[in-house]
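Read-outs: derived from the displayed coordinates by stated rules, not from any lab. These numbers were taken from a predicted model, which means no experiment stands behind them. Note that we place each Cβ from the backbone using ideal geometry, even for glycine, and neighbour counts take in every protein chain shown.
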Amino acid sequence: MSRWTADDIPDQTGRTFIVTGANSGLGYITTRELARHGAHVIMAVRNEARGEEALEKLRAGQPEARLEVRRLDLSDLESVSTFAKGVIADGIPVDVLVNNAGIMMPPRSLTAQGFEVQFGVNHLAHFALTGLLLDVLAAGSGGRVVTVSSALHKNGSIHWDNLNGERRYFPVTFYAQSKFANILFGLELDRRLREGAAPVRSLMAHPGYAATNLQSAGPTGLLNLVLKITNRFIAKDAGTGALSQLYAATHPDAEGGQFIGPGERGESKGYPTVVQPVKTALDPDAAERLWRLSEELTGARYHFAPAK
């Protein structure tokens, strides 16, 4: 796995990927590289105008790229449902879902359904989206779900008695909670897929410290200033950061339950390798509790179709 780059992606002709947050940052790079290797990519974006701008930019460099933009507002579960129903109604065969989009360290705000926005967007919306599309993924070829977490999941836990930050709220703490939830979800999804003999793999990935628009779009005040400085002098570029999720989404040997991240400097830099989640994220009871809670909050119910 040493020194694996986007040039090593196998031919993806005939395969369809959904990438959330595809118009910028890691999602944009992921879309570009998948399209470069022949994939059809559905760019799931909140702002369709920005999505179309990104599509045109990609097509300028890749005129034959098979891309389409569809609206998906992860801060509203109604939009998640509408998006998934549209994909299903149009009979689109989806092979891989990359749960990439995220919000990072904003002041406290709530989603349309009243959830703390980082937990709602980064975890709950992707939980619902995956459940809605699971049958489509199972019917595809070598189905995969790649959930993008963060090295900061290591500082996270689920604040069961303060899930939405009503009692106290710290942007970094609640970002870590959402990324910790990504790991609990990805591992529990893998367990349930295996138990149901479903032909879909669940993997997780994190980029290390990559400079993207997340660091400037969410944080405010002193935190925004600090992240701008570290982006400039410490972070790696988004192209390198996207390698982990590209590996998880495309490498033939990537296995369900694996967590892919950079292998150097405390997982902040380097090429993709298998890394280990923090031990507290391996708690099956916490994963089961989060799953039940996520079902309750989103209304999503999973159907684990066995392989035929």
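So what J values fall out for the range 50-62 if you push phi through Karplus, 6.51 cos²θ - 1.76 cosθ + 1.60 with θ = phi - 60°, rounded to Hz, Gly and Pro as x?
5, x, 5, 4, 5, 4, 5, 5, 5, 5, 4, x, 9
Running a GNM on the chain with Cα contacts under 10 Å, which residue among Leu74, Leu163, Leu124 ends up with the highest mean-square fluctuation?
Leu163
Extending each Cα 7 Å along its Cβ direction at Ala60 and Asp8, get the distance between those two points in nm, one decimal.
3.2
Where in the chain is the longest stretch that carries no chymotrypsin sites (Phe, Trp or Tyr not before Pro) classed as loop by DSSP and with at most 16 other Cβ atoms within 10 Å? The partial results should precede the final answer.
Working: sites that count: Trp160, Tyr169, Phe304.
Counting only loop sites that pass the neighbour cut-off, the longest clear stretch is 1-159.
For the chain, just say rounded, prolate or oblate: build the C-alpha gyration tensor, square-root its eigenvalues into a ≥ b ≥ c, call rounded for a/c under 1.5, and beyond that prolate if a/b exceeds b/c, oblate if not.
On the way: a/c = 1.27, a/b = 1.09, b/c = 1.17.
Verdict is rounded for the chain.
Could you put Asp95, Asp135, Asp7 in order, starting from the residue whose Cβ has the fewest other Cβ atoms within 10 Å?
Details: Asp95 22, Asp135 17, Asp7 8.
Fewest-to-most ranking of Asp95, Asp135, Asp7: Asp7, Asp135, Asp95.
Go ahead and set up a Gaussian network model of the chain, Cα springs under 10 Å, then flag whichever of Glu56, Glu188, Glu166 fluctuates most.
So, out of Glu56, Glu188, Glu166, the one fluctuating most is Glu166.
Considering the chain as a Gaussian network with a 10 Å cut-off on Cα pairs, which listed residue, Val117, Val87, Val98, attains the greatest mean-square fluctuation?
Evaluated over the chain, the most mobile residue of the options is Val87.
Relative to the Cα centre, what is the charge dipole magnitude of the range 8-296, using +1 at the beta carbon of each Lys and Arg, -1 at the beta carbon of each Asp and Glu, and rounding to the nearest 20 debye?
Roughly 720 debye for the range 8-296.
Do any GluC sites (Glu not before Pro) in the range 58-152 lie in a DSSP loop with no more than 14 other beta carbon atoms within 10 Å, and if so, which? Numbers along the way, then the final one.
Working: sites: Glu64, Glu68, Glu78, Glu116; in loops: Glu64.
In loop regions of the range 58-152 (DSSP not H, G, I, E or B), the sparsely surrounded GluC sites (Glu not before Pro) are Glu64.
Listing Ile103, Ile92, Ile18 from the residue with the fewest other Cβ atoms within 10 Å to the one with the most, what is the order? Don't skip to the end; give the middle numbers.
Working: Ile103 23, Ile92 17, Ile18 28.
Ranking Ile103, Ile92, Ile18 by Cβ neighbours within 10 Å, fewest first, gives Ile92, Ile103, Ile18.
Rounded, prolate or oblate: pick one for the range 46-133, where a ≥ b ≥ c are the square roots of the eigenvalues of its C-alpha gyration tensor, a/c under 1.5 means rounded, and failing that, prolate if a/b is larger than b/c, else oblate. Each step should come with its number before you reach the end.
Values: a/c = 2.31, a/b = 1.43, b/c = 1.62.
In terms of gyration-tensor shape, oblate.
Among DSSP beta bridges lying fully in the range 8-142, give the percent that are antiparallel, nearest 5. Please list the in-between numbers first.
Values: 1 of 15 bridges.
If we restrict to bridges inside the range 8-142, about 5 percent are antiparallel.
If we count other beta carbons within 10 Å of each Cβ, what is the order of Glu267, Glu33, fewest first?
Details: Glu267 20, Glu33 23.
The most exposed by this proxy come first: Glu267, Glu33.
For the chain, what proportion of DSSP beta bridges, expressed in % and rounded to the nearest 5, is antiparallel?
On the way: 6 of 33 bridges.
Around 20 percent antiparallel, to the nearest 5.
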